[in-house]
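Note sheet for the following structure.
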Amino acid sequence: MIERAEASDARAVTELWNEVIRETTITFTTTPKTEAAIAELIESQPVFVARDRGACLGFATYAQFRGGDGYAHTMEHAIYLSGAARGRGLGRALLTAVENSARGDGAHSLIAGISGENEGGIAFHAAMGFAHVGRIPEAGRKFGRFLDLVLMQKPL
């Protein structure tokens, strides 16, 4: 089940996000998130959670791609799933919720910034209608190595 996140979801979202930060190159972020920061995020922008029997198995959010009013109609999203949630259609459901919400907010397009090592994430976005629009070699660094950033875009 996909629902809009509530303040009470902050702990579960923080735990999931920090696991991704600690263990993967899905995100280039290396600093753990705090529960207070996630609670603030939930209050300040759309955040959706995937639940199964009350457990948070994933989440997605979006915000303006870059600062400045010229980018007001271009959003960038983040989507993270627990290992147990992959392959169950929850990513597709979360991304659909993001797309519908962003479209309702007047967004013109959605951007995905994906680690070049995340072949599954690239394939997922392609299957969801995103087009490859660029690759920035060695844009990020994590676990002692440089990582490419793949940019994909979908018109809404």
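Please treat every number below as a calculation from the coordinates, not as lab data. Values in this document were obtained by computation on a predicted structure and should not be read as measured data. Every residue, glycine as well, gets a Cβ built from its backbone with ideal geometry; the counts of neighbours run over all protein chains shown.
Before moving on, here are some points about what is shown:
- Above 21 Å, the calculated P(r) of the stretch 1-89 contains 31 percent of its Cα-Cα pairs.
- Residues of the stretch 32-58 with amide N under 15 Å of the 7 Å Cα→Cβ point at Arg88: 49-58
- Kirkwood Rh in Å, taken over the stretch 38-127 so that all alpha-carbon pairs contribute: 13.8 Å
- Convex hull volume per residue for the stretch 105-156, taking Cα atoms only, in Å³: 82 Å³
- MRE, 222 nm, helices only [DSSP H, n ≥ 4, -39500 (n - 2.57), over the chain, to nearest 500]: -9500 deg cm²/dmol
- Relative contact order of the chain, taken over Cα pairs closer than 8 Å and 6 or more residues apart, is 20 percent.
- FRET efficiency estimate (nearest 0.05) - Cβ-Cβ, Glu138 to Met1, R0 30 angstrom: 0.15
- Beyond 13 Å, the tail of the calculated P(r) for the stretch 29-69 holds 67 percent of the Cα pairs.
- Using a Gaussian network model of the chain in which every pair of alpha carbons under 10 angstrom is joined by a spring, one finds that among Ser115, Ser44, Ser82 the greatest mean-square fluctuation is at Ser44.
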